[in-house]
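Everything on this sheet refers to the single structure shown next.
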Amino acid sequence: MAQEIEAKFRVSSHDPVRARLQACGAKPLGCVLERNRIYDRQDGSLRAAGCGLRLRTISQEDGTSGQGTLTFKGPVGPGPFKSREEIETGITDPAALEAILDRLGLLPILVYDKRRESWAWNGCRIELDEVPRLGRFVEIEGPDEKTIAAVRDRLGLGRADHE
């Protein structure tokens, strides 16, 4: 099972971060639209345990439907960045999976959309996210905290912006 290590930062604009990514030679990976559904048991026990179950469906910006993923996230461990177990699998029929989750008694407790622009640089994946009514965020996911901190600093993201 994989260990996810990431840091998220709230920003007022993606433009300065995008300019720094371009200047340091980061590779643009494209933009997608996501619909995220967070599931829990009726008693809220997944969330109470610090865990999450997410069904994500992805569409291209032209509206073409694409793939989906089901992700289990374990409790967050100690450290300056978010580190947790992550088990993820691709899905080809999100509607069927929603029906399965429903039959298992899992409820969608949160549904939100996101526009995501992805970049790769220095062993990290950098996501420029825009969530309606919540704002703009930058997520850096990488192999270790030291690498994430170096990318954070190079992109000019301050520690105070960390969420």
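Please treat every number below as a calculation from the coordinates, not as lab data. What you see is a predicted model, and the numbers here were worked out from it, not measured in a lab. Note that we place each Cβ from the backbone using ideal geometry, even for glycine, and neighbour counts take in every protein chain shown.
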In the chain, taking the dipole from +1 charges on Lys and Arg beta carbons and -1 charges on Asp and Glu beta carbons about the Cα centre, the listed residue (2, 42, 83) farthest towards the positive end is 83
The residues 24, 124, sorted from fewest to most surrounding Cβ atoms within 10 Å, come out as 24, 124
Treat every Asp and Glu Cβ in the range 79-163 as -1 and every Lys and Arg Cβ as +1, leave all other atoms uncharged, and give the resulting dipole magnitude about the Cα centre to the nearest 20 debye.
-> 280
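Between residue 31 and residue 110, take the C-beta separation as r, use R0 = 35 Å, and let me know the FRET efficiency to the nearest 0.05. Working shown, then result.
Working: r = 23 Å, r/R0 = 0.65.
Calculated value: 0.95.
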Suppose R0 equals 25 Å; then what is the FRET efficiency for residue 120 and residue 93 from their Cβ-Cβ distance, rounded to the nearest 0.05?
-> 0.30
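By its C-alpha gyration tensor, with a ≥ b ≥ c as the square roots of the eigenvalues, how is the range 29-148 shaped: rounded for a/c under 1.5, else prolate for a/b larger than b/c, else oblate?
Cα axes put the range 29-148 in the oblate bin.
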Where a ≥ b ≥ c are root eigenvalues of the Cα gyration tensor, a/c under 1.5 meaning rounded, otherwise prolate if a/b exceeds b/c and oblate otherwise, the range 1-93 counts as oblate
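For the chain, please report how many Lys pairs fall under 18 Å Cα to Cα, leaving out neighbours fewer than 8 apart on the same chain. All intermediate terms of the calculation are to be shown ahead of the outcome.
Values: 8/73; 8/82; 8/114; 8/146; 73/82; 82/146.
Counting lysine pairs in the chain gives 6.
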